[in-house]
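Worksheet: one structure, shown below.
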Amino acid sequence: MIGGPDRNRARREALALLKRCGIEKPEEIHLELIAWHAFRALVQERPLSHCNARVVRGHFQSMITVASGTTLGRRRFNVGHEMGHLTLHPEVNQLALCSVKEGLWQYRARPEEPEANFFAAELLMPEPLFRPRCQDGEPGFDMIEHLAGEFQTSLTATALRYVEQGPWDCCAVWSQNGNIRWISTSESFRWKVREGRLGPRTYALDFAESLDKATLLRKEVAALQWLESDRGVARVREQSRPIGAEGLLTLLWVEADPGEEWWGEELDEPDPERFTPDGRRRRW
Ligand SMILES: [Zn+2]
């Protein structure tokens, strides 16, 4: 395959599959039934050492094998990932797929792997069902944990979907022992998150350095603890969850400075009751 991953095709195919199966609610996304109905694929669990899951295609029947001992949410994502390969990559040598190390999909190595992940995310948390559920209410892990329960997905996969589908300027940061490993931002997120070591006064760093102070609550934090610039920032909040023994997932919400939003807009006469004399900043 040439070129980068085709996210739109992966999502389109996942939604088409759900439609063919007549699925309209999260609890109807029964992967084993869908795998059999759509691909004549059985799902089995086995100890796997070099990958989380794999698929063997046959003429009459296929077999999806997922690593035993994983949580329900991860297991479902792995099954969805293999169903993505069955749908999107029928011609690709199956032995070349899903060869991963350390339990992490090789996102950059081959376009097939992220495509299968996009497919799995859409299959398990379809936009028409997921997006309306994360538009209202107080943003935070309470909401994400609720959604993870409803869609039977892992906290990490649900958080990434929430960042993508929610209405906030939000990003997810994965760190291990205080060092940032990856960052995933919403489309509207326009700030650059500092890479490397977590900021010394972040609440996230408490999980690595002073566990007795660590908090699961959503807290306001100085913008420059997380961002390279605080331009256009009114407020930053963070909230973290340890994920197994592997690492820490932190969500950041940035509230934009409304003055920045007004900047550049064609305003007639600024109302002195509502704006500073230079007309840039809205009074609150
Ligand atoms: Zn794969």
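If you take the beta carbon distance between SER188 and LYS219 as r and set R0 to 30 Å, what does 1/(1 + (r/R0)^6) give as a FRET efficiency, to the nearest 0.05?
The calculated FRET efficiency here is 0.85.
Please sort by residue number the GluC sites (Glu not before Pro) in segment 131-217 whose DSSP state is loop and whose Cβ has at most 12 other Cβ atoms within 10 Å.
The qualifying sites are GLU187, GLU195.
Nothing charged except the Cβ atoms of Lys and Arg (+1) and of Asp and Glu (-1): what's the magnitude of the dipole of the chain about its Cα centre? Round to the nearest 20 debye.
Around 1060 debye, computed over the chain.
Pairing the Cα long axis of helix 7-20 with the longest principal axis of the chain, what angle in degrees results, from 0 to 90 and rounded to the nearest 10?
For helix 7-20, the angle is close to 60 degrees.
Can you find, among ALA245, LEU124, ALA223, the residue sitting farthest towards the positive end of the charge dipole of the chain, where Lys and Arg contribute +1 and Asp and Glu -1 at Cβ?
ALA245
Please work out the FRET efficiency for the pair ASN179 and ASP212, using the Cβ-Cβ distance as r and a Förster radius of 22 Å; give the result to the nearest 0.05.
After rounding to 0.05, the efficiency reads 0.55.
Using 1/(1 + (r/R0)^6) with R0 = 41 angstrom and r between the beta carbons of LYS19 and ARG241, what's the FRET efficiency to the nearest 0.05?
So the FRET efficiency works out to roughly 0.80.
At 222 nm, what helix-only mean residue ellipticity would the chain give, in deg cm²/dmol to the nearest 500, using -39500 (n - 2.57) for each DSSP H run of four or more?
-9500 deg cm²/dmol
Helix 112-124: angle to the longest alpha-carbon principal axis of the chain, degrees 0 to 90, nearest 10?
Approximately 80 degrees, to the nearest 10.
Along segment 213-228, what does the Karplus equation 6.51 cos²θ - 1.76 cosθ + 1.60 (θ = phi - 60°) give for ³J(HN,Hα), rounded to whole Hz, x for Gly and Pro?
In residue order, the calculated couplings are 8, 4, 10, 8, 7, 7, 10, 7, 9, 5, 4, 6, 5, 10, 10, 6 Hz.
Stretch GLU45-GLU145 to full length: gain in nm at 0.36 nm per residue minus the Cα-Cα span?
Net length gain for the segment: 33.4 nm.
FYI, it's all coordinate maths here, none of it is from the lab. Note that the structure is a prediction, hence the values are computed from the model and not measured. Please note: Cβ atoms are built from the backbone with ideal geometry, for glycine as well, and neighbour counts cover all protein chains shown.
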